[in-house]
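Novice: This is the structure I have questions about; it appears just below.
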Amino acid sequence: MYHSIRMNGLNGHASLREPSANGGDARHFIELLRTLADPIRLRMVRLLESRSAADAAGLSVGELGEIMKLPQSTVSRHLKTLTDAHFAEPRREGTSTFYRLSDAAGKNASRQLRQIASTHLDEDATAKNDAHRLAAVLRNRESVEESFFGKHAPQWDELRAQWFGDRFHLEALLALLNPNWTVADIGTGTGIMLPLLAPHVKQVIAIDPSAAMLKGARRRVKELNLTNVDIRQGAAENLPMEKESADVVLLALVLAYTAQPEAVLREARRVLKPGGALLVIDLQPHEVAMFRDNLNHRWMGFSEAQLRNWLNAAAFSDIRWHPLSPQKSRENETPVPDLFVLRAEAA
């Protein structure tokens, strides 16, 4: 096998690093020949070359042994020679190690030798068998992965939630916020939204009329060292902010507490920059009396049409209303009103 390039009696290996100024190209080339003279190593290089062209995953010792029909000890010994010679490089993935063709193997004389070998091995029976077994190994790898996900697909959400919770992806999506934005969190309360917003924007202006609520917000800001949060006391109908000073205004469960929601929306438009965004989270229309009687709500939710009328009058455009996931009833069977999110743009 490989009679056209095999060099009997040469069992050393080479380094693919560039030869020194005094080393001479001939000696460097001979060292490369020694590395590739062994037919097993030549087969390995061809397999790694084929796999590296497909993706960066490479092949494991076990996979190479299966393809080449060799003991893993033999595969490992030759892989060490190729790795020491910088023809191959290992990559850890969990508890497994995969090998791929190194960047050095694509340079100068080593690349030329591989190209020469390729022209001689294209019709070689052993090389063709290796290629067929490589394809089978890769198909098996894909089927194992598919089998894993196929087996766990019905419980996949629960499995992820067990390890990472069911909200990590929602918090991660906040990284989509523009880091140059100023966000006004109107009706911030104790500042529950501040740790989520502050890491992703330039500044958060947190406003609430209640001194007791703001005391909790200041404590949260201090404990978490949220240095870009500016806490101000003020009403949503008369914000302590300059005109066109915010990129985003957030009203999260605020409108239902206000006497004049339309006035709040006009004030939000005043402080928004042209093209800035208003985000409203609140309750859809409902008849759960405890929200009025016990939670001090002045409004029993809002319809989409009602909000659109107010927003159009306040010079907002591109209004998008979306119902959020239905809420479950409390353990005492008290129904919980459904929520909505609304986004509008300062025209």
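Novice: Looking at this structure, is Val288 of a type in the set (Val, Ile, Thr) and at pLDDT 95 or above?
Specialist: Spelling it out, it is not the case that Val288 is of a type in the set (Val, Ile, Thr) and at pLDDT 95 or above.
Novice: Pick from Pro323, Pro337: which is in contact (Cβ under 8 Å) with a residue 12 or more places away in the chain, surrounded by fewer than 13 Cβ atoms within 10 Å (Cβ to Cβ), in contact with a strand residue (DSSP E or B) (Cβ under 6 Å, 6 or more places away or on another chain) and more than 20 Å from Val183 (Cβ to Cβ)?
Specialist: Of the residues listed, the single one that is in contact (Cβ under 8 Å) with a residue 12 or more places away in the chain, surrounded by fewer than 13 Cβ atoms within 10 Å (Cβ to Cβ), in contact with a strand residue (DSSP E or B) (Cβ under 6 Å, 6 or more places away or on another chain) and more than 20 Å from Val183 (Cβ to Cβ) is Pro323.
Novice: Any residue that is assigned by TED's automatic domain parsing to the domain that holds Gly276 and in a strand (DSSP E or B) - is there at least one of those in region 191-200?
Specialist: no
Novice: Kindly indicate whether Arg133 is of a type in the set (D, E, K, R), assigned by TED's automatic domain parsing to the domain that holds Val45 and more than 32 Å from the chain's Cα centre (by Cα).
Specialist: For Arg133, the condition - of a type in the set (D, E, K, R), assigned by TED's automatic domain parsing to the domain that holds Val45 and more than 32 Å from the chain's Cα centre (by Cα) - is met.
Novice: Would you point out which residue out of Arg43, Arg91 is among the basic types (Lys, Arg), at pLDDT 75 or above and part of a strand (DSSP E or B)?
Specialist: Arg91
Novice: Only one of Val341, Val336 is touching a Lys or Arg at 6+ places or on another chain (Cβ under 9 Å) and part of a loop (DSSP other than H, G, I, E, B). Can you tell me which?
Specialist: Going through Val341, Val336 in turn, the sole match is Val336.
Novice: Within the bounds of region 311-325, is there any residue that is modelled with pLDDT under 90 and assigned by TED's automatic domain parsing to the domain that holds Leu251?
Specialist: So far as region 311-325 goes, yes, one or more of its residues are modelled with pLDDT under 90 and assigned by TED's automatic domain parsing to the domain that holds Leu251.
The values are calculated or read from the model by the stated rules, or taken from the named source; none is laboratory data. Remember, predicted model here, so these are calculated numbers, not experimental data. Positions of Cβ are generated from backbone atoms using ideal geometry, with glycine treated the same way; all protein chains shown enter the neighbour counts.
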